[in-house]
Amino acid sequence: MNVLIIGAAGKVGQLVVDKLSRTAYTPVAMVRSKKQKEMFENKGITAVMGDLEKDFESAYADVDAVIFAAGSGQDTGAEMTIIIDQEGAIKAVDRAVHFGVQRFVMLSSMAADRPEAGSREIKHYLFAKHRADEYLKKSGVPYTIVRPGPLTSETGTGKVFLNEHVNGGNSISREDVASVLVEALMQPKAENRSFDVVEGDTLVEDLFRH
Ligand code: NAP
């Protein structure tokens with residue numbers, strides 16, 4: 001199964017590609033620069049060019065599933081958040097519908113399901129993520145939405161706490177988020193469900209067993 005990773009050169013995206021490449025799934029890294037493309041190809045990973053602000057339809061050729069891990073980042077203004085995190089994600093969902101993608105895993109954010117509760121600084125971001133998540137849910141594409149707490153660059157523990165709603169703003173490593181995204185993709189029980197996730201005590205491979 002070919003899995004397009006949108007935002008593959010990002011910090012979470014690279015970890016997702018790395019983990020997927022050790023499964024039976026085949027990662028296809030969507031990147032914005034030739035340098036990034038070469039970086040993946042030098043590791044034996046298929047990479048395709050695609051920019052959420054432009055046309056990226058060709059990236060979907062032979063794609064069975066999508067993991068969306070892109071984002072405009074914290075250094076850009078609210079306008080870019082709408083362009084990438086909201087409209088870019090919505091366009092990615094539209095293309096998934098068009099190409100009959102079998103599963104779409106969205107990297108969202110904790111509190112994106114209740115954006116009105118966010119502080120003034122992040123409310124626009126939470127609303128952008130919220131609109132993209134809701135669009136995905138209504139698209140008809142089988143989905144999983146993963147809403148992590150604040151991300152750290154610590155080494156993953158392989159253990160998390162995942163639930164439909166988690167109270168509190170505990171953090172989680174990017175590596176563990178990447179593991180959850182890959183596990184969610186592989187497990188039928190994660191289909192058409194949305195979760196908060198933070199650091200915790202449950203092994204990622206046990207998350208969707210029950
Ligand atoms: P990151 O390192 O900034 O990665 C973001 C990726 O998005 C980059 O690879 C970037 O591409 C890509 N991107 C940006 N604009 C694009 C465009 N127009 N077309 C295609 N790709 C584009 O971020 P991260 O640390 O991996 O985090 C990923 C996401 O997690 C964030 O965006 C955020 O939505 C979510 N999140 C973050 C937190 C947190 O605490 N930071 C908490 C919860 C959720 P380039 O490499 O070309 O720049």
*Using all C-alpha to C-alpha distances in region 84-210, build P(r) with 10 Å bins and read off the rounded percent in each one.*
14, 44, 34, 7
_Along the Cα→Cβ direction, 7 angstrom out, place labels at Asp206 and His165. What is the inter-label distance in nm?_
2.6
*Exposure proxy check: Ile84, Ile6, Ile67 ranked by fewest other beta carbons within 10 Å?*
Ile84, Ile6, Ile67
*Provide Rg and Dmax in Å for region 70-139, with only Cα atoms included in the calculation.*
12.1, 38
*Relative contact order computed over region 23-151 (Cα-Cα under 8 Å; 6+ residues apart), in percent*: 22
*Which value does Rg/Rh take for region 1-150 over its C-alpha atoms, Rh per Kirkwood?*
0.96
*Label-point separation, Met1 to Asn42 (7 Å along Cα→Cβ), nm*: 3.1
*Express in nm, to one decimal, how much length is gained between Arg114 and Arg193 on full extension, taking 0.36 nm for each residue of separation and deducting their alpha carbon distance.*
26.8 nm
*Under 11 Å from the Cβ of Val177, count the other residues' Cβ atoms, weight Lys and Arg +1, Asp and Glu -1, and hand me the total.*
0
*Quick one: putting +1 on the C-beta of Lys and Arg, -1 on the C-beta of Asp and Glu, what dipole do you get for the chain around its Cα centre, in Debye to the nearest 20?*
160
_Where labels lie 7 Å past Cα in the beta-carbon direction, separation of Glu154 and Ala78 in nm_ = 3.3
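Values in this text are rule-based calculations from the coordinates and carry no lab data. Because the structure is a prediction, the values reported are computed rather than measured. With ideal geometry, Cβ positions are generated from the backbone for all residues, glycine too; neighbour counts draw on all protein chains shown.
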